[in-house]
1. Can you name the residue in segment 153-189 that is touching a His at 6+ places or on another chain (Cβ under 9 Å) and part of a helix (DSSP H, G or I) and is also nearest to G62 (Cα to Cα) among such residues?
2. Which members of segment 121-136 meet the condition of being surrounded by fewer than 21 Cβ atoms within 10 Å (Cβ to Cβ), within 20 Å of L61 (Cα to Cα) and either among the small types (G, A, S) or in contact with an Asp or Glu (Cβ under 6 Å, 6 or more places away or on another chain) (or both)?
3. Can you tell me which residue within segment 34-52, out of those that are of a type outside the set (A, V, I, L, M) and within 24 Å of the chain's Cα centre (by Cα), is nearest to E202 (Cα to Cα)?
4. What number of residues within segment 29-68 satisfy the criterion of being assigned to a helix (DSSP H, G or I) and in contact (Cβ under 8 Å) with a residue 12 or more places away in the chain?
5. How many residues, within segment 137-152, are within 14 Å of the chain's Cα centre (by Cα) and surrounded by fewer than 18 Cβ atoms within 10 Å (Cβ to Cβ)?
6. Filter segment 1-46 down to residues that are charged (D, E, K, R) and under 30 Å from L213 (Cα atoms) and give me whichever is surrounded by the most Cβ atoms within 10 Å (Cβ to Cβ).
Amino acid sequence: MGRLVPQDPNDPPASELLKEIKAEKQRLVKAGKIKRPKPLPPIKPEEVPDELPQGWVWVRLGDIGVWKSGSTPSRSNGSFYGGDIPWVKSGEVKQGRIKSTEETITYAALDKCPLQINEKGSVLVAMYGANIGEVGILEIEAATNQAVCACKTYTNFDENYLLYLITSLKPYFLSQGAGAAQPNISREKIVATIFPLPPLPEQHRIVARIDQLMSLCDTLDQQIDAATDKRTELLNALMANLSKEAAQPS
């Protein structure tokens, strides 16, 4: 809604950023680096929940980058595991900053299975079960299993803004995954999700502001923990003193 930080009329509008994104997407398709994505439906007026500030635009998540899920190589083939390629499972996405993985796979698995290596900076979203809607950013190159969807944006985009944005969308993803024995969302539902795209400089300001607020929350948590520990210490001392007094003969 644009209320977290002030808008700057000197910022280039998000429509210009969207033009850059579309141009880069076309270049990548032409160069054969990505497949031409299926066109997404236009955003209908009834889909738009709020009026945006000047310079912002409503877009779909699929408009801004390549979204791909991975797979799980056959466990019966020992040559697929223990290699040099980090392999992210959905439970690991909640790390936030993903620097390592519990398991690794081999180039044989990469060759034989529907897997790809995702670049550093890719944003990951967990799609299945208890971890649905969890989000993280790769700080390493890594493949993922089928329960994780990875996005690498086409061009200039603040990946941290995307991380915070998808974090805010978790309740929506949970609602989309409700009703099944194992809650899940699909890649198709993710790419079709609409979101407000601010100008790139404002993305940076939003991220800086959220980081500042998160740091303040951490500080407050530490102060609350310290105060709780102090109260517990005083209470224990008081109880010990009362026990001593009760034990003394009258």
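The values are calculated or read from the model by the stated rules, or taken from the named source; none is laboratory data. Worth saying up front: this structure is predicted, and the values here are computed from it rather than measured. A quick note on method: Cβ atoms are made from the backbone with ideal geometry, for glycine too, and the neighbour counts reach across all protein chains shown. Surface areas here come from the heavy atoms of the whole protein model, side chains and all, with no ligands, DNA or RNA. Shrake-Rupley method; radii C 1.70, N 1.55, O 1.52, S 1.80 Å.
1. That would be Y161.
2. Selection gives G121 alone.
3. Narrowing segment 34-52 to residues of a type outside the set (A, V, I, L, M): 35-39, 41-42, 44-47, 49-51.
This time we only want the ones that are within 24 Å of the chain's Cα centre (by Cα), so: 35, 37-39, 41, 47, 49-50.
On the way: K35: 31, P37: 28, K38: 29, P39: 28, P41: 27, E47: 24, P49: 21, D50: 18 Å.
Ranking the candidates gives D50 first.
4. 4
5. Counting residues in segment 137-152 that are within 14 Å of the chain's Cα centre (by Cα) and surrounded by fewer than 18 Cβ atoms within 10 Å (Cβ to Cβ) gives 1.
6. Here is the first cut: in segment 1-46, the ones charged (D, E, K, R) are 3, 8, 11, 16, 19-20, 22, 24-25, 27, 30, 33, 35-36, 38, 44, 46.
Keeping just the survivors that are under 30 Å from L213 (Cα atoms) gives 3, 8, 11, 16.
Numbers: R3: 6, D8: 11, D11: 18, E16: 14.
So the residue we want is D11.
Results for (1) part of a helix (DSSP H, G or I); (2) without any contact (Cβ under 8 Å) to a residue 12 or more places away in the chain; (3) open to solvent by less than 70 Å² (accessible area, probe 1.4 Å); (4) basic (K, R), shown as yes or no for each residue.
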site	(1), (2), (3), (4)
V191	yes, no, yes, no
P196	no, no, yes, no
I206	yes, no, yes, no
K230	yes, yes, no, yes
